[in-house]
1. In nm, to one decimal, how far is the modelled label at SER30 from the one at GLU18, with both set 7 Å along Cα→Cβ?
2. Can you tell me which of 12-19, 26-33 comes out highest on packing, and rank the rest after it, using the mean Cβ neighbours within 10 Å?
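We did not get these values from a lab; they are worked out from the coordinates using the rules stated. Since we're looking at a predicted model, the values are computed, not measured. Glycine gets a Cβ as well: all are built from the backbone with ideal geometry, and neighbour counts include every protein chain shown.
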Amino acid sequence: MTEVARLLLGLRVAGWSEKEINDFVLYIESGEEQYKPKPKGKTKSVVEKSLHFPKDMIC
């Protein structure tokens, strides 16, 4: 599996929509501000959200 595939799968696990993923990839490639991700407020880290580690294991 390539790094790109892992990135896309990780973003899906983190709860990103297909549009958010597409816009993010377009922002990385083009640098256009219209595709730049917008903050959603305070959220859990990808590790906490997707892997469900006990809080005492999170650094």
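1. Computed distance between label sites SER30 and GLU18 equals 1.9 nm.
2. So the order, starting with the most tightly packed, is 12-19, 26-33.
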